[in-house]
Protein chains: 2
Amino acid sequence: MFELIKKSKNSKARVGKLHTKHGVIETPVFMPVGTQGTVKSLTPDMVSEIGSQIILGNTYHLSLRPGVDLIEEFGGLHSFINWNKPILTDSGGFQVFSLSKVREIKEGGVIFQSHLDGAKIEFTPKSVVDLQRGFGSDIMMPLDICSPYPCDKKQVAADMKITHKWEQDAVDYWQNDKKGQLFFGIVQGGMHKDLREESAKAITGMGFSGYALGGLSVGESKDLMEKYIGYTTDFLPEDKPRYLMGVGLPENLEFAIANGIDMFDCVLPTRLARHGQVFIDSGRQNIRNKKFYNDKKPIDENCNCYTCKNFSRAYIRHLFIANEILAYILMSYHNVYYLVNLVKNIREKIIAE
Amino acid sequence: MFELIKKSKNSKARVGKLHTKHGVIETPVFMPVGTQGTVKSLTPDMVSEIGSQIILGNTYHLSLRPGVDLIEEFGGLHSFINWNKPILTDSGGFQVFSLSKVREIKEGGVIFQSHLDGAKIEFTPKSVVDLQRGFGSDIMMPLDICSPYPCDKKQVAADMKITHKWEQDAVDYWQNDKKGQLFFGIVQGGMHKDLREESAKAITGMGFSGYALGGLSVGESKDLMEKYIGYTTDFLPEDKPRYLMGVGLPENLEFAIANGIDMFDCVLPTRLARHGQVFIDSGRQNIRNKKFYNDKKPIDENCNCYTCKNFSRAYIRHLFIANEILAYILMSYHNVYYLVNLVKNIREKIIAE
């Protein structure tokens, strides 16, 4: 399913192809997030035009609304949202531990409260696979426990043990009927080298299609992130893809790829856009800044996206200040394009080495 | 500038071509409104793809924010907003009388308070032409007084007199230096037949490029609207275009065209979309309605727009309930497409008679 095409001579970077039932994904790859069945502020045509090869869906959100039954009635998530390329869905674990106030972890799964209506819902290793079968995801993820950071090492170890049991249950359940779906294991173990090693060894023994690095939140320093990537990838097989969950700021992508990561996702390009923040090679800027008042330049002079080919900073600033939806569209377009193509360019550089 | 190509045998409907410096507009025509320099929720590419031949801009809004100086610095509104087809700008009169709480009408113009920051601003017949020269509008509109409805007849008559004086000042000022811009006179006179006739005769004597029917708000009954159109169009020359300002609901377009109207604008297609309302041949519907929960049909089964070719009612309902911007994009696209093409089809029917 994963072809390792080339390894960089200068770093641990890799170039590959991941085969899914909705087509081939060239790695390294940045995956835009479509939390509730849409990459926020963009049409699927735009997401495709940007060059996105795969998008994410969130099992937590989609299972609460509109619900897996409706999505199944439409023949799966691809046809429901009109996206014919690969989709990866997460397990919902991250949202259970970040959005739900009440939750109870048991051996068999986790009970949480819907942030929409307070309903009590249980996710189990198998139910989360069933949900993702209903979505028809190309790549599924197993239920895991996301320990907070910082966190007592004993707690991290205990969470990890439960996660391993859950993942074993889930992978067994998947293997009974794969339906052409890929399934990635998640390595946990917090920031502890020994736990990471233990987790990687346990998870890689289970027969997943690829491996994700879990337990990282958005705010870590680069040093810490680099350590943590190394702690994990050192124990991952070369012939499977490696996915760094939730990471995707421009400043993180290049060094993470150099450390052997193949796949990234991040909600920030569209979220930042809604707050007026845009990616520029020289750093992140807020379009609201007065200095852009009469700036005729595009957001990024080196960018070939629809937004940068057609609109000035001054116009987008005007739209943003006037609360026009077009501002969110144009800035989301640019930010997603920026990340998707930043990773594409890194891929091409490795190929050209 | 205006070619009258055909008159219907069955009604007062007309088919024509209006030549502007940014191209030819085939009439009858529906003009989407881009209040603040964008047709809300749509990219200019989408507006063009929909088949829109011309869009509106609002002088009141654009002069307050971002201001005419900035727009001039960008070479006019077309290049500022990246729209290369014709633009009609209104005079700001309607907004002065609907949005501003404090206003003072004097012979020379009107002083009002900006709804943004409370600043006192004066619009005069000439200043409003200057603003629209700065925008580089293809079609300009003169400052007028929009009497409320219902309104004492004496007041309507008095407002009309001032409007006539303002329009004469404005048309003289325009004629000194036309810059390739068209200028439409506005006929006022409320719902009073004699005043309408008086106003039409006065305004048509001034040498404008076309004529608008002012003073109508969105809520009038069809009967009243029909009377009022007749009161005015009976006194308008055949060789000039006729623009029914602010009117454009599906139920109004056909009979207004049959009564000799050539041009329409309306903010409702995009505004209704943001409230979940969509146009369907069988009437207006709210996408939030529970009955659409698992409805696989497009918004309108007879529609060929991007939205209807690609997305189900159930998906759009899900997006709307989840507060996703894509809901506004898709519904605005459909609603604008619906009106633009409704008028196009009526035009083709008249040609085929």
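Within the stretch A:1-78, list the trypsin sites (Lys or Arg not before Pro) lying in a DSSP loop whose Cβ has at most 10 other Cβ atoms in a 10 Å radius. It would help to have the intermediate numbers written out before the result.
Details: sites: A:LYS6, A:LYS7, A:LYS9, A:LYS12, A:ARG14, A:LYS17, A:LYS21, A:LYS40; in loops: A:LYS9, A:LYS12, A:LYS21, A:LYS40.
Passing both the DSSP loop test and the Cβ count: A:LYS9.
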>> Based only on Cα atoms, what mean projected area does the convex hull of the stretch A:268-338 have, in nm²?
In response: 3.9
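Would you calculate a helix-derived [θ] at 222 nm for the protein assembly as shown, using -39,500 (n - 2.57) for each DSSP H run of n ≥ 4 and dividing by the full residue count, to the nearest 500? Present the calculation step by step, with values, prior to reporting the outcome.
Values: 28 runs with 291 residues, N = 706.
The per-residue figure over the protein assembly as shown is -12500 deg cm²/dmol.
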> Once you charge only the Cβ atoms, +1 for Lys and Arg and -1 for Asp and Glu, what is the size of the charge dipole of chain B about its Cα centre, to the nearest 20 debye?
Replying inline: 940
> Once phi is turned into θ = phi - 60°, what whole-Hz ³J(HN,Hα) does the Karplus curve with 6.51, -1.76 and 1.60 give for every residue of the stretch A:142-147, x standing for Gly and Pro?
Replying inline: x, 4, 9, 9, 9, 5
> Taking the Cα atoms only, what angle lies between the long axis of helix A:193-204 and the longest principal axis of chain A, rounded to 10 degrees?
Replying inline: 80
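Taking 1 over the mean of 1/r across every pair of different Cα atoms in the stretch A:2-266, what Kirkwood radius in Å do you get?
18.4
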>> Between the stretch B:146-166 and the stretch A:241-309, how far is it from one alpha carbon centroid to the other, in angstrom?
In response: 55
> What FRET efficiency comes out for the pair A:LYS7/A:ASP45, r = Cβ-Cβ distance, R0 = 35 Å, nearest 0.05?
Replying inline: 0.50
> Among B:LEU4, A:LEU42, which comes first, second and so on when ranked by fewest other beta-carbon atoms within 10 Å?
Replying inline: B:LEU4, A:LEU42
>> Tell me the Kirkwood radius of the stretch A:160-228: reciprocal of the mean inverse pair distance over distinct alpha-carbon atoms, in Å.
In response: 12.9
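Roughly how compact is the stretch B:1-90, stated as its Cα Rg over 2.2 N^0.38 Å to two decimals? Provide the component values of the computation, followed by the final result.
Values: Rg = 14.9 Å, N = 90, 2.2 N^0.38 = 12.2 Å.
Against the empirical 2.2 N^0.38 Å value, I get 1.23 for the stretch B:1-90.
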> What number comes out for the charge environment of A:GLU26, summing +1 per Lys or Arg and -1 per Asp or Glu over other residues with Cβ under 14 Å away?
Replying inline: +4
> Once the Cα atoms of helix A:325-352 and of chain A are each reduced to a long axis, what angle between those two axes, in degrees from 0 to 90 to the nearest 10, is obtained?
Replying inline: 70
> Pulled fully out, how much extra length does the chain show between B:SER114 and B:LYS165, if you take 0.36 nm times their separation in residues and subtract their Cα-Cα distance?
Replying inline: 15.9 nm
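Could you put A:ILE203, B:ILE257, A:ILE162 in order, starting from the residue whose Cβ has the fewest other Cβ atoms within 10 Å? Numbers along the way, then the final one.
Working: A:ILE203 30, B:ILE257 26, A:ILE162 19.
The order, fewest Cβ neighbours first, is A:ILE162, B:ILE257, A:ILE203.
From the P(r) of the protein assembly as shown, could you give the percentage of C-alpha pairs in the tail past 46 Å?
Working: 78865 of 248865 pairs.
That fraction is 32 percent.
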> Shortest first and in nm to one decimal, what separations exist between A:ASP45 and its copies in the other chains, measuring from label points 7 Å along the Cα-to-beta-carbon line?
Replying inline: 0.9
>> Can you list the copy-to-copy distances for A:ASN82, using a point 7 angstrom from Cα toward Cβ, in nanometres, shortest first?
In response: 2.1
> With Cβ to Cβ distances under 9 Å as the rule, what net charge do the other residues near B:LYS7 carry (K, R +1; D, E -1)?
Replying inline: +3
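As a quick test, which of the pairs B:LYS201/B:LYS349; A:LYS9/A:LYS179; A:LYS290/B:LYS178; B:LYS309/B:LYS344; A:LYS154/A:LYS201 have an alpha carbon distance above 27 angstrom in this structure? Each step should come with its number before you reach the end.
Working: B:LYS201/B:LYS349 32 Å; A:LYS9/A:LYS179 37 Å; A:LYS290/B:LYS178 35 Å; B:LYS309/B:LYS344 19 Å; A:LYS154/A:LYS201 19 Å.
Table pairs above 27 Å Cα-Cα are B:LYS201/B:LYS349; A:LYS9/A:LYS179; A:LYS290/B:LYS178.
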> Restricting the count to DSSP beta bridges whose residues both fall in chain A, what percent are antiparallel, rounded to a multiple of 5?
Replying inline: 50
> What residue among B:MET331, B:TYR315, B:VAL278 has its Cα farthest toward the positive end of the dipole of the stretch B:275-353, where the charges are +1 on Lys, Arg and -1 on Asp, Glu, each on the Cβ?
Replying inline: B:TYR315
> Hey, what do the phi angles of the stretch A:263-271 turn into as Karplus ³J(HN,Hα) couplings, whole Hz, using 6.51/-1.76/1.60 and θ = phi - 60°, x for Gly and Pro?
Replying inline: 9, 9, 9, 6, 7, 5, x, 7, 5
> Other chains' Cβ within 10 Å of B:315-326 residues: what's the mean?
Replying inline: 6
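Just the number: Rg to Rh for the stretch A:179-312, Cα atoms, Kirkwood Rh, two decimals.
Values: Rg = 18.5 Å, Rh = 16.9 Å.
Answer for the stretch A:179-312: 1.10.
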> In angstroms, what radius of gyration and Dmax does the stretch B:252-304 have, counting Cα atoms only?
Replying inline: 13.9, 43
> Taking chain B as a Gaussian network, where each spring joins two C-alpha atoms under 10 Å apart, which residue of B:SER48, B:SER11, B:SER91 fluctuates the most?
Replying inline: B:SER11
> Angle between the Cα long axis of helix A:222-233 and the longest principal axis of chain A, 0 to 90 degrees, nearest 10?
Replying inline: 40
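Where a number appears in this text, it was derived from the coordinates with a stated rule and is not lab data. A quick note: this is a predicted structure, and the numbers were derived from the prediction, not measured. No Cβ is skipped: glycine too gets one built from the backbone with ideal geometry, and neighbour counts run over all protein chains shown.
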